[in-house]
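Values quoted throughout were computed directly from the atomic coordinates according to the rules given, and no laboratory measurement underlies them. The structure presented is a predicted model; accordingly, all values stated were derived computationally and were not measured. Counting neighbours? That spans all protein chains shown, and the Cβs are built from the backbone with ideal geometry, glycine included.
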Amino acid sequence: MASNFGNWQEALDNLVKETVVSENWSEFDLLKNDNSRIQFILSNKSLMNIEWLKVYLDNSKLFHQKSSHKALEYKNKGNQYFKKKDYKTAIQYYTESIIHAPVDEGQDLALAYGNRSAALYYLQYFQECLSDIQLAMDAGFPEESFYKLYQRRSQCYYGLKKFDMAESELLKAREYLDNQKALIGDKKYDNLLKEMKELELNTIEQKKVKIETPVDIKCLNVPCVSYGNSDVITQASSAVDIKYNTQQGRYLVANDDIKAGDTLIVEKPYSSVLLPDHYTTHCHHCYKQLTLTVIGCRRCTVVRYCGNQCQQESWTQYHNIECSYIDLLHSVGIAHLSLRTILTAGLQFLNGFIKDNKDIHTNNIPGLNQEKQYGRDYSTVYNLLTHSDEMTSLDLYQYSLTATLLLVILIHSNWFHKDKDMDITTKRHNHDSATNLIQNKAAVNADKLPSKSKKDSLDFSESTSNIDDKKALDGTCGTGAKHKMNSPSNNQEPNGDYNKNELKTSAKYVDALCLEESESEVICNNILGNSHEDDNSNVKAQVALSEIGIDKDMLNIGGLLLRHIQQLVCNAHAITELQASVDPLSSSALVDEMSQVRVATAIYPTASLMNHSCDPTIISSFQGDLLVVRAVKNVEKGEEIFNCYGPHFKRMIRSRRQEVLKTQYFFSCSCKPCTDGKKDDVQFDAMVCGKCKGCIDTQLDVPCCIDCGERESIHDRKIREEINTLYQHAMTSIDHSDLKGAMESLKPCLELCNKYLHENNRLKASVEDSLARCYAMSGDYKKSLKHLENSIKVTELLYGNQSIELAYELQKMADILFNVKKPEKCLQIVNTAEEIFLIHFGENHETVKELNEMKVCLLEFINAKH
Ligand SMILES: [Zn+2]
Ligand SMILES: [Zn+2]
Ligand SMILES: [Zn+2]
Ligand SMILES: [Zn+2]
């Protein structure tokens, strides 16, 4: 078996190679709409030759299944650490046990929750412990051991100083204990009773003291827009208006004067997907970082949630369909978000939308609904630009193939019949929830599965989606996240139905589903062919769609899937999170390197209304998946509000910016920095010319002096390479926690920089910054401060005195001044930094809160001195 078996990108490449040389190609080239593109691919049976795809779909429900065996293994490991009082590690293993434990089958899940609650208790995470106790009870914790949970609950309330609750839980614990007296044995019973009585005495004692219980205030300030919400653009400020003309398309303008720091948009995404790299660290639904009380999906072992609510919402909205195909969805990259968008909208809605949408052409501005509002409805997504006309046929063909794959997944998952089934069942059993229906279906499927999975033969090696690579840029960060395919773990026993009771109560319904299921299977077989019989047949006869069971609804959805993929190329937004980089050197909190990490991809139709400028008016930040857009400069009434799609004029030279915007966003930028005729500021990437002491622009393909035209000499080139090598060495040393090694490379590196680079060269500034860090780490704050000052000088010149880059550098400086005990100077720097942070992020931001705490501390210190 080929090692790349199961790689969608590879399959795409092969299909494209095949098709481009075939006579069909010219036909595809002529197609004018998305439905006909999907129809082309379906009727040519283009997906027929991907042999692994059918095998994958046939076995999709076997991947990532729960395993009682694994759950037990993890639990035992957890117990080992628990005994060693290493509760943190124990919790990690119990969490794995929870993720792998079958739901509604056996007691693995309940016991794992129970054990994790104990470990949490010992770490004094009382709230988290209480939540796990509840989950343990809900999951069917053995009643004969209930007294343990009640006792622990009581202890938690005691820890939380809620003594009344502690007392009442203890009573229940006593009750359960007394019931189990015969089973437990006298000696153990007496010990437990003694323990409980002690707790009771303590509780009574504490109650007498009457401690004021602190009210826990959750200071989760939801940000809101300045000047109230707009009546038209419901997620934007009333100071913002939407305009439309054929040249600029839709765009945003200020309908009043806007000040730097004003919040212009606060937007929930229409749909979004977590990037696979963050599956183990972030909630699959709300993208919060996972804490200690992680819970899993009901069926698979891949996704994790912060709590019950996220798990349930995710399951009913999209995961019930996606769960069995998660690896395949990872391999399609950003196109995953297209499927998520369709699932978010729902079949019934979309059928209606397609029907109605044909008649609506009366609105002047596309995307406005009947109430003339631009809000969170599907029409705002539907009306985002696709740029179909500018795309190459090859790209369009690839997107069409991927859209067809997503359509096949929807058909295979029975999504097209789910809504209808739900109608039938609501009539029959009103209490049946959508979740139950899906579980029933999965149960039926599980019965049909072979007892031994074939998946071990599949090797899902790492793959990167073409589409995702293209979408390397967006408004907030320029790094293209690579979607990796998780390898399905080995040794998973297929596990049967997990909701037997439900199955019995609605046998008739299940029969109906079986029928539907086989229908979907037939269609999928028609599309994908039978790889065992047709191995060598490359003949693709044109077939009518009705022949293979594709109806109008399916074709329409296929068209929408393709539409969204095209939109995502230009409109997908990265959701980023500020993370302290894992820096082995910074054992102290001092001089943390913070960076924006891309955690999810999302569609924000309101933010998408902004056009691009290389010198933007706004900055985006996130609270979970909530996008907050703030003005970073004053905007006069009537002026347009610009976002930056990635290439910022301070970070990229003009020719490169133009190239990037043209290839990805299909336009020539005519923003001010692109058209003002000023030369790019080359000093930040310049060496000093040996001949005239002018600037050698190193960003050019052939670096040369901008003042005398002299080409870069071989000597200069070597020096430049040496500087780079030394700097790389230093970075590697830092990665390996080798402080001494880093300094040994940085010192000669800086010497060369000082001699050969322009004084404002950004690499030189980075070297100074790194040296500052190293000195700070070794406790030499004086030297650290000197280098940091040099680096800050360049940062301010390069990015401006209101820039976020400068703010982060000032924050570092404040840390150092704090350490060398210069409170007055430190306070001054903190104030400057805070002012900039406030404009960019507002007062709720972590960094602003940190700076505020520092200020309080400094003021105390200064007052004490006088
Ligand atoms: Zn969540
Ligand atoms: Zn799942
Ligand atoms: Zn520009
Ligand atoms: Zn020169």
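A few notes on this one:
- Normalised radius of gyration (Cα atoms, divided by 2.2 N^0.38 Å) for region 168-324: 1.81.
- Distance (nanometres) between label positions extended 7 Å along Cα→Cβ at residue 391 and residue 104: 4.0
- In plain terms, the chain from residue 172 to residue 354 could stretch by 59.7 nm, reckoned as 0.36 nm per residue minus the Cα-Cα distance.
- Separation between Cα centres of region 277-349 and region 726-755, rounded to whole Å: 43
- Rh by Kirkwood over Cα pairs, then Stokes-Einstein D for region 281-389 at 0.890 mPa s and 25 °C, µm²/s: 151
- Residue-by-residue Karplus 3J(HN,Hα) for region 109-114, coefficients 6.51, -1.76, 1.60, Hz, glycine and proline x: 5, 4, 5, 5, 4, x
- Simple label model, 7 Å out from Cα along Cβ direction - residue 848 to residue 73, nm: 4.9
- Theoretical gain in end-to-end length, residue 751 to residue 736 [0.36 nm per residue, Cα-Cα removed]: 3.0 nm
- Charges were assigned to the Cβ only: +1 to each Lys and Arg, -1 to each Asp and Glu. The resulting dipole of region 1-128 about its Cα centre is roughly 840 debye.
- Kirkwood hydrodynamic radius computed over region 618-768 comes to 18.3 Å, based on all pairs of distinct alpha carbons.
- In Å, descending, principal axis extents of the Cα set of region 46-165: 68, 28, 26
- In this structure the amide hydrogen of residue 704, modeled in the peptide plane, comes within under 5 Å of the amide hydrogens of 697, 712, none closer than 5 places in sequence on its chain.
- For region 391-404, putting each phi into the Karplus relation 6.51 cos²θ - 1.76 cosθ + 1.60 with θ = phi - 60° gives couplings of 6, 6, 4, 4, 4, 4, 5, 4, 4, 5, 4, 5, 4, 5 Hz, in residue order, rounded to whole numbers and with x for Gly and Pro.
- Kirkwood-type radius of region 719-834, with distances r between different C-alpha atoms, in Å: 14.5
- Taking a ≥ b ≥ c as the square roots of the eigenvalues of the alpha carbon gyration tensor, region 77-140 is oblate, as a/c is not under 1.5 and a/b does not beat b/c.
- Taking the square roots of five times each eigenvalue of the Cα gyration tensor of region 140-199, the equivalent ellipsoid has semi-axes of 20, 13, 8 Å, listed largest first.
- Model label points for residue 280 and residue 835, set 7 angstrom from Cα along the Cα-to-Cβ axis, are 4.6 nm apart.
- The trypsin sites (Lys or Arg not before Pro) of region 43-112 that meet both conditions, a loop assignment by DSSP and at most 13 other Cβ atoms within 10 Å of the site Cβ, are 84, 85.
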